[in-house]
Amino acid sequence: QKMIHLVSNLEDNVKACTLHKKNKTTWSNYYDETITSKSYLSAKETLFRNLVNEVAFETVLDVGANDGFFSKIIAEKAKDVVSIDFDCNCINSLYSYIRKQKIQNILPLCIDFANPSPAIGFNNKERSAFLDRAGFDLVIALAVVHHLAISKNIPLPAVGELFQALGKKLIVEFVRKDDEKVQLLLQNRKDIFSNYNQAEFEKAFGEFFTIDKVVKITGTLRTVYLLTRK
């Protein structure tokens, strides 16, 4: 039901992605070239699988899914997985993979989480907004919060409030400001983000979630949280 409900323009979505598939984009090579290290990905995968085993769920939203690395893992257990990313190359890669592998429970959509699809059609009532159609047992947001907070200038409390509205459980990664990838985001702009730190993150998200588990990714400046909506 949810998968069908969320897909109103999947065919157009896929066509748009296909037009860009030959062009290299910022995040389309994230796991191949721009990731901090292969050991980071391996450590995060192990950590992620352990957290997933502690949660009961059927429906999942993977925010900033990239090429679906973690969507594929969660799909082993979930009934339905909706994977969103603003990068068309990433979504096209995932779409091609699930078609080739005949995976039926992953739905890839090209959506900018900071500017999601609005309601459209006659009187804006033919198709409801993406966020109005969302509502999941589990939301995954790995390596996403720093992009929303720094690249998009969205305050941490607003990010936490949005995630609370989307799902009952949240697996979210916090990346410290001194992490090399965050420093890349700041290299061409003034650092006005004095409130972007782990304490403020926990305070902001603590308004909307209870913290069930906190796990640091070995050898990194990154931490993954398992949260439950209040």
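The values are calculated or read from the model by the stated rules, or taken from the named source; none is laboratory data. Model, not experiment: these values are computed from the prediction. Don't worry about glycine lacking a Cβ; one is built from the backbone with ideal geometry, like all the others, and counts go over all protein chains shown. Accessible surface is based on the protein model in full, side chains and every heavy atom, while ligands, DNA and RNA are left aside. Shrake-Rupley method; radii C 1.70, N 1.55, O 1.52, S 1.80 Å.
How big is the stretch 95-230 by the Kirkwood estimate over distinct Cα pairs, in Å? Please report the intermediate quantities before stating the final value.
Details: mean 1/r = 0.0602 Å⁻¹.
About 16.6 Å for the stretch 95-230.
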Legend entry - Local electrostatic count, Ala65, Cβ distance below 12 Å [Lys/Arg +1, Asp/Glu -1]: -3
Inset, instruction - Could you tell me whether the stretch 170-230 comes out rounded, prolate or oblate from its Cα gyration tensor? Rule is a ≥ b ≥ c as square roots of the eigenvalues, rounded for a/c under 1.5, then prolate if a/b exceeds b/c, otherwise oblate. - result: oblate
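So how do 71-81, 42-52 stack up, highest first, on mean other-Cβ count within 10 Å? Walk me through the numbers before you get to the answer.
Details: 71-81: 20.0, 42-52: 16.7.
For the peptides 71-81, 42-52, the packing ranking is 71-81, 42-52.
Which entries in the list Lys79/Lys216; Lys77/Lys168; Lys177/Lys230; Lys125/Lys230 go over 20 Å, if you measure between the two C-alpha atoms of each? Walk me through the numbers on the way to the answer.
On the way: Lys79/Lys216 28 Å; Lys77/Lys168 17 Å; Lys177/Lys230 27 Å; Lys125/Lys230 30 Å.
Checking Cα-Cα distances, Lys79/Lys216; Lys177/Lys230; Lys125/Lys230 exceed 20 Å.
Beyond 14 Å, what share of the Cα-Cα pairs of the stretch 95-146 remains, rounded to the nearest whole percent? Walk me through the intermediate numbers first.
Numbers: 919 of 1326 pairs.
Roughly 69 percent, rounded to a whole number.
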Inset, instruction - Please find the FRET efficiency linking Asp178 to Thr228, where r is the Cβ-Cβ separation and R0 is fixed at 25 Å, and quote it to the nearest 0.05. - result: 0.30
Inset, instruction - State in Å² the accessible area per residue of the stretch 85-161; use a 1.4 Å probe, count heavy atoms of protein chains only, and round to the nearest integer. - result: 48 Å²
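Counting only protein heavy atoms and using a 1.4 Å probe, what share of the accessible area of the stretch 80-139 belongs to carbon plus sulfur, as a whole percent?
46 percent
Just order 117-123, 187-193, 157-163 by mean Cβ neighbour count inside 10 Å, highest at the front, would you?
Ranked from most to least packed, the peptides come out as 157-163, 117-123, 187-193.
Taking 0.36 nm per residue of sequence separation and subtracting the Cα-Cα distance, how much length would be gained by fully extending the chain between Glu45 and Ala119, in nm to one decimal?
Details: separation 74, 0.36 × 74 = 26.64 nm, distance 3.55 nm.
That works out to 23.1 nm of additional length.
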Legend entry - Derived scalar couplings ³J(HN,Hα) [the stretch 48-63; Karplus, 6.51 cos²θ - 1.76 cosθ + 1.60; whole Hz; x for Gly, Pro]: 4, 4, 5, 5, 4, 5, 9, 10, 9, 6, 10, 10, 9, 10, 9, 8
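Can you check what the net charge comes to around Glu173, using other residues whose Cβ is under 9 Å from the Cβ of Glu173 (Lys, Arg +1; Asp, Glu -1)? Mind dumping the intermediate values first?
Working: positive: Lys44, Arg222; negative: none.
So the surrounding residues net to +2.
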Legend entry - Mean separation of Cα contacts under 8 Å, 6 or more apart, over the residue count of the stretch 85-230: relative contact order %: 20 percent
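Below 14 angstrom from the Cβ of Leu162, what's the summed charge of the other residues (Lys, Arg +1; Asp, Glu -1)? Write out the running numbers ahead of the final one.
Details: positive: Lys152, Arg229; negative: Asp112, Asp132, Glu161, Glu207.
Its environment carries a net charge of -2.
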Inset, instruction - Would you work out what percent of the accessible area of the stretch 163-219, with all protein chains in place, is carbon or sulfur (probe 1.4 Å)? - result: 48 percent
